[in-house]
Protein chains: 2
Amino acid sequence: MSQSTGGTRERIQAVALELFTEQGYEKTSLREIAERLNVTKAALYYHFKSKDEIVSSFVEDRLRRMDELIEWARSQPATLATRRILISRYADAMFATQQPSVMRFFEQNQTALKSLSAGLQMRDRMMSLANELCRGDESPAAQLRAALTLFAVHSSWFAVRAPDITDDERRRIALEVADELLAKIASEPTVDHPARGPLTRTGEQPGADGQPRSDAA
Amino acid sequence: MSQSTGGTRERIQAVALELFTEQGYEKTSLREIAERLNVTKAALYYHFKSKDEIVSSFVEDRLRRMDELIEWARSQPATLATRRILISRYADAMFATQQPSVMRFFEQNQTALKSLSAGLQMRDRMMSLANELCRGDESPAAQLRAALTLFAVHSSWFAVRAPDITDDERRRIALEVADELLAKIASEPTVDHPARGPLTRTGEQPGADGQPRSDAA
DNA sequence: GTCTATACGCAGATAGAC
DNA sequence: GTCTATCTGCGTATAGAC
């Protein structure tokens, strides 16, 4: 919040993010980060209390965005239109500024993030987002489609191997595939076109969300 | 191959696989594995030359299966039918025996596997498999769909949260979603139904496979 | 086949000078 | 705000006894 230094804190974040993503959080030592910046390990400890606080520092921003998104989705009806806007906004957030780097960091460090509080929080948000994407259709297939929708946005960054493709094209293709998946999720709890069938409705649990959210949106 | 010991080698593999998956490869120490088995670290080194050789030992089997699968796919025409059988056989392999554990290990240790030879080999095979799933349709959207098809099989294990679902149901749902994705991939290089449009064909690279494979299939 | 003992290095983290 | 110096502990791996 209050950095009066010449951006050293930001430089540490940038280098750490890069190394954590390339070789993994566990495998990257503070010594390595310090060497890249031509400073000592002790200098790092002036800016951050610990190694995992470096992670938290660049995750905060993303957490905030996701919270806003989830809150918005909960205030909307569970229709295809809502879901399309939801995934579209999610893609916007992921493709904006330097978020792609943070996105890749998360993909590449899923396991390490299990022991980091920032990681657990992000996991929680991703689950909520997936839940919102299939709210109203509790079938297993819908859950899978919802998850794949998020994967579509994420993997558009590495799964598409084209030499001169722009970020905008990646985004558009991701949303094209995502929309197809979303279209197969039932829009209303009472389905009126039994062509797809309800599959195995194992048992409705009413409030799988977690918090009851009593505060205003 | 030739274990005359009372299965100690297998017990090490099992415990290592479990811990590597739960807490990550880097974070799991040989001391921890040894303690779980009530042996010493030195005992581990009798059975395996190094830590990463433990990984290789339980990856070998999976590599062989995937090689067979890829080889088969290459000998077949690039049609929807081929792709459906391919993903179905892949699912069979993934759901068979204790392969789900190995599958989860890979998902959870993507980054660590970049510095392990076994990991690099698996990455290579996954890429080849994805390539086969969209051979004949080099559009970015097809590449994304092919990758998501594989994700569908993988994520059916954790994305579907249902209390009493069987492995067979998971497999069926994964293939249901996978088939939808595959249906949108063009079956022939010369598309004759322009309803979907050619998207942004950025530039055809004839042999994006890597090896020219001159040997017989 | 498994043990004890140990080598050697690097990890994260702190104290206190400048 | 950055440094030098240092602490403490654990990491992988090896030697050699039983």
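Take the residues of region B:107-122 that are assigned to a helix (DSSP H, G or I) and within 11 Å of another protein chain (Cβ to nearest Cβ): which is nearest to B:Ala147 (Cα to Cα)?
The selected residue is B:Glu107.
With the requirement that a residue be in a loop (DSSP other than H, G, I, E, B) and under 19 Å from B:Gln98 (Cα atoms), what does region B:1-19 give you?
B:Met1, B:Gly7
It is to be established whether one or more residues within region B:58-69 are of a type in the set (Asp, Glu) and either within 14 Å of another protein chain (Cβ to nearest Cβ) or within 13 Å of DNA strand C (Cβ to nearest atom) (or both).
Within region B:58-69, none of the residues are of a type in the set (Asp, Glu) and either within 14 Å of another protein chain (Cβ to nearest Cβ) or within 13 Å of DNA strand C (Cβ to nearest atom) (or both).
Does region B:9-17 contain any residue that is at positive phi and surrounded by 14 or more Cβ atoms within 10 Å (Cβ to Cβ)?
Checking region B:9-17: not a single residue is at positive phi and surrounded by 14 or more Cβ atoms within 10 Å (Cβ to Cβ).
Collect the residues in region A:70-114 that are under 18 Å from A:Asn131 (Cβ atoms), in contact (Cβ under 8 Å) with a residue 40 or more places away in the chain and basic (Lys, Arg), keeping them in residue-number order.
Residues satisfying the conditions are A:Arg74, A:Arg83, A:Arg84.
To keep it simple, each residue is scored yes or no on (1) touching a Pro at 6+ places or on another chain (Cβ under 9 Å); (2) modelled with pLDDT of 95 or more; (3) within 30 Å of A:Ile87 (Cβ to Cβ); (4) β-branched (Val, Ile, Thr).
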| site | (1), (2), (3), (4) |
| --- | --- |
| A:Glu32 | no, yes, no, no |
| A:Val39 | no, yes, no, yes |
| A:Ala43 | no, yes, no, no |
| A:His47 | no, yes, no, no |
| A:Glu60 | no, no, yes, no |
| A:Arg65 | no, no, yes, no |
| A:Ile70 | no, yes, yes, yes |
| A:Ser75 | no, yes, yes, no |
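Would you mind stating whether B:Arg196 is assigned to a loop (DSSP other than H, G, I, E, B), at pLDDT 95 or above and either open to solvent by 40 Å² or more (accessible area, probe 1.4 Å) or under 25 Å from B:Gly24 (Cα atoms) (or both)?
Against the criterion (assigned to a loop (DSSP other than H, G, I, E, B), at pLDDT 95 or above and either open to solvent by 40 Å² or more (accessible area, probe 1.4 Å) or under 25 Å from B:Gly24 (Cα atoms) (or both)), B:Arg196 does not qualify.
Are any residues in region B:46-75 assigned to a helix (DSSP H, G or I), among the small types (Gly, Ala, Ser) and either within 16 Å of DNA strand D (Cβ to nearest atom) or surrounded by fewer than 18 Cβ atoms within 10 Å (Cβ to Cβ) (or both), and if so, which ones?
Selection gives B:Ser56, B:Ser57.
Is one or more of the residues making up region A:27-34 farther than 30 Å from B:Leu116 by Cα and buried (at least 18 other Cβ atoms within 10 Å of the Cβ)?
no
Of the residues B:Ala130, B:Ala174, B:Ala81, only one is within 23 Å of A:Arg104 (Cα to Cα) and at pLDDT 95 or above; which?
B:Ala130
Filter region A:139-159 down to residues that are open to solvent by less than 10 Å² (accessible area, probe 1.4 Å) and part of a loop (DSSP other than H, G, I, E, B) and give me whichever is nearest to the other protein chains (Cβ to nearest Cβ).
A:Ala159
In region B:76-98, what count of residues is obtained for those that are assigned to a helix (DSSP H, G or I) and of a type outside the set (A, V, I, L, M)?
Total satisfying the criteria: 8.
Every residue in region B:27-41 that is within 9 Å of DNA strand D (Cβ to nearest atom) and among the acidic types (Asp, Glu), please.
Passing the criteria: only B:Glu32.
Say whether the condition of being within 12 Å of DNA strand D (Cβ to nearest atom), within 19 Å of A:Glu107 (Cβ to Cβ) and touching a residue at least 60 places away in the same chain (Cβ under 8 Å) is met by at least one residue in region A:6-26.
Yes, region A:6-26 contains at least one residue that is within 12 Å of DNA strand D (Cβ to nearest atom), within 19 Å of A:Glu107 (Cβ to Cβ) and touching a residue at least 60 places away in the same chain (Cβ under 8 Å).
So which of B:Leu120, B:Leu113 ends up being touching a Lys or Arg at 6+ places or on another chain (Cβ under 8 Å) and surrounded by fewer than 19 Cβ atoms within 10 Å (Cβ to Cβ)?
Testing whether each residue is touching a Lys or Arg at 6+ places or on another chain (Cβ under 8 Å) and surrounded by fewer than 19 Cβ atoms within 10 Å (Cβ to Cβ) leaves just B:Leu120.
Out of region A:89-104, which residues are at pLDDT 95 or above and crowded, with 16+ Cβ neighbours inside 10 Å?
If the condition is that a residue be at pLDDT 95 or above and crowded, with 16+ Cβ neighbours inside 10 Å, then A:Tyr90, A:Ala91 are the ones that fit.
Inspect region B:84-95 for any residue being within 16 Å of DNA strand C (Cβ to nearest atom) and more than 14 Å from chain A (Cβ to nearest Cβ) and give the result as yes or no.
No, there is no match, as no residue in region B:84-95 is within 16 Å of DNA strand C (Cβ to nearest atom) and more than 14 Å from chain A (Cβ to nearest Cβ).
Applying the selection to region B:20-45, what residues are within 13 Å of another protein chain (Cβ to nearest Cβ) and not in a loop (DSSP other than H, G, I, E, B)?
Within region B:20-45, B:Phe20, B:Thr21, B:Glu22, B:Gln23 qualify.
Search region A:147-164 for residues being of a type in the set (A, V, I, L, M, F, W, C) and farther than 11 Å from B:Leu144 by Cβ, and hand back the single one that is nearest to the chain's Cα centre (by Cα).
A:Leu150
Can you tell me which residue is nearest to B:Asn109 (Cα to Cα) among those in region B:27-69 that are touching a residue at least 24 places away in the same chain (Cβ under 8 Å) and β-branched (Val, Ile, Thr)?
That would be B:Val55.
Please go through region B:160-169 and pick out each residue that is facing chain A (nearest Cβ under 7 Å) and either in contact (Cβ under 8 Å) with a residue 12 or more places away in the chain or outside any helix (DSSP H, G or I) (or both).
If the condition is that a residue be facing chain A (nearest Cβ under 7 Å) and either in contact (Cβ under 8 Å) with a residue 12 or more places away in the chain or outside any helix (DSSP H, G or I) (or both), then B:Val160, B:Arg161, B:Ala162, B:Pro163, B:Asp164, B:Ile165 are the ones that fit.
The values are calculated or read from the model by the stated rules, or taken from the named source; none is laboratory data. These numbers were taken from a predicted model, which means no experiment stands behind them. Every residue, glycine as well, gets a Cβ built from its backbone with ideal geometry; the counts of neighbours run over all protein chains shown. The accessibility values were calculated without ligands, DNA or RNA, using every heavy atom of the protein model including side chains. Shrake-Rupley method; radii C 1.70, N 1.55, O 1.52, S 1.80 Å.
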